[in-house]
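Read through the structure below, which is laid out as structure tokens, and then see the notes.
Every number in this text was worked out from the coordinates using simple rules, so none of it is lab data. Here the structure is a predicted model, which is why all the values come from computation and not from measurement. With ideal geometry, Cβ positions are generated from the backbone for all residues, glycine too; neighbour counts draw on all protein chains shown.
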Amino acid sequence: MKIKLLTNFHDYYDHHFDIDGMVFDRRDSIGLSRPEIFQYFESLNVPCVNNGLVKDVYNAMKYHYKDKTDIMEFLKPEVVVYLNDNSHQGKDKIKIDIEEAADQYPDYYCSEYIPSSVNEDVSCSHRLLGIGGHYFWMRYDNTGSWKSNVGENVEITLLYQYTGGSLEIHYPLFAIDFIRCNGFLAMDFNQSPKIEGTGIEGLLSGKKVRELIERKIKS
């Protein structure tokens, strides 16, 4: 089967695709918007972080703490505000106090920020990377930012890999990012993740990645 790669970034397996044929669109500028991402998680029955318009999340928090305003003041809950609903890779989002967010960005989409460390410049998340039905469970640690998978101080650890699974995800390539909080809560979905630099290139040849993606497209 001939498959033509349409992309706006380079990865280590790109040269195994064809110059024509069925198009595999791997541009990082396409994909689900933030509201669509969380709707997609809901359709998959994947637990995710609290999310919604800033004004709605703020009102929900106020209601939750209606008899405990001193606790809300002490906790100073934060949210991640998405300045562009279609950006990925840590772009166009800010971490901000919920009350400030409600004042400055009431109609923007946001998700609850759940810290993974008492140090705001240390962060950790987990990623499920899917390559054509082959899955990798990884941990991202960052000692220089609240964004666990962005920057020069990111360390990626492959925890395990498997095939099959119960998630009915039709994308031939994807990544779901999770934060650990009484289990794992999903917080991002990317249908065009970059593989190079994760260590996967030492486990799967470029030819094998292409074969896995083709197999998923055919299924």
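Which is the longest part of the chain that has none of the GluC sites (Glu not before Pro) sitting in a DSSP loop with at most 13 other Cβ atoms within 10 Å?
On the way: sites that count: 120, 152, 168.
The longest uninterrupted stretch comes out as 1-119.
Charged neighbours of residue 146, selected by a Cβ distance under 13 Å, balance to -1 (K, R count +1; D, E count -1).
Listed values for region 144-160 are Karplus-derived 3J(HN,Hα) couplings in whole Hz (6.51 cos²θ - 1.76 cosθ + 1.60, θ = phi - 60°), namely x, 6, 6, 8, 5, 10, 10, x, 8, 9, 8, 10, 10, 10, 7, 8, 6, and x replaces Gly and Pro.
Between beta-carbons, use under 12 Å as the cut-off and find the net charge around residue 53, counting Lys and Arg +1, Asp and Glu -1.
Once all neighbours under 12 Å are counted, the net charge is -1.
In order along region 81-95, the phi-based Karplus estimate (6.51 cos²θ - 1.76 cosθ + 1.60, θ = phi - 60°) of 3J(HN,Hα) comes to 9, 9, 6, 9, 5, 10, 7, 9, 6, x, 8, 6, 9, 10, 9 Hz; Gly and Pro are listed as x.
Across region 109-117, computed HN-Hα scalar couplings (Karplus, 6.51 cos²θ - 1.76 cosθ + 1.60, θ = phi - 60°) run 7, 8, 9, 5, 8, 10, x, 9, 7 Hz from first to last residue, x flagging Gly and Pro.
What residues have an amide H closer than 5 Å to that of residue 26, excluding those fewer than 5 places away on the same chain, when H is modeled at 1.01 Å from N in the peptide plane? Placed amide hydrogens put 6, 7 under 5 Å from residue 26.
Note on residue 4 and residue 137: with the Förster distance fixed at 35 Å, the Cβ-Cβ geometry gives a FRET efficiency of about 0.70. In this structure, the residue pairs whose Cα-Cα separation is over 29 Å, taken from 4/194; 95/216; 93/194; 147/208, are 95/216; 147/208. For residue 48, the residues whose amide H sits under 5 Å from its own are 186, ignoring neighbours fewer than 5 places away on the same chain, with H placed 1.01 Å from N. With the charge dipole of the chain set up from +1 on Lys and Arg Cβ and -1 on Asp and Glu Cβ about the Cα centre, the Cα lying farthest toward the positive end among the listed residues 198, 161, 212 is that of 212. Taking the fewest neighbouring Cβ atoms within 10 Å as the starting point, the ordered list for 15, 170 is 170, 15.
Charged side chains reduced to their Cβ positions (Lys and Arg at +1, Asp and Glu at -1) give the chain a dipole of some 840 debye around its Cα centre. Close amide-amide hydrogen proximity is noted between residue 167 and no other residue 5 or more places distant or on a separate chain, at a cut-off under 5 Å (H modeled in the peptide plane; Pro and chain starts excluded). The C-alpha atoms of the chain define a longest principal axis, and helix 54-64 lies at about 50 degrees to it.
Just so you know, the Cα atoms of the chain work out to an Rg and Dmax of 18.8, 63 Å.
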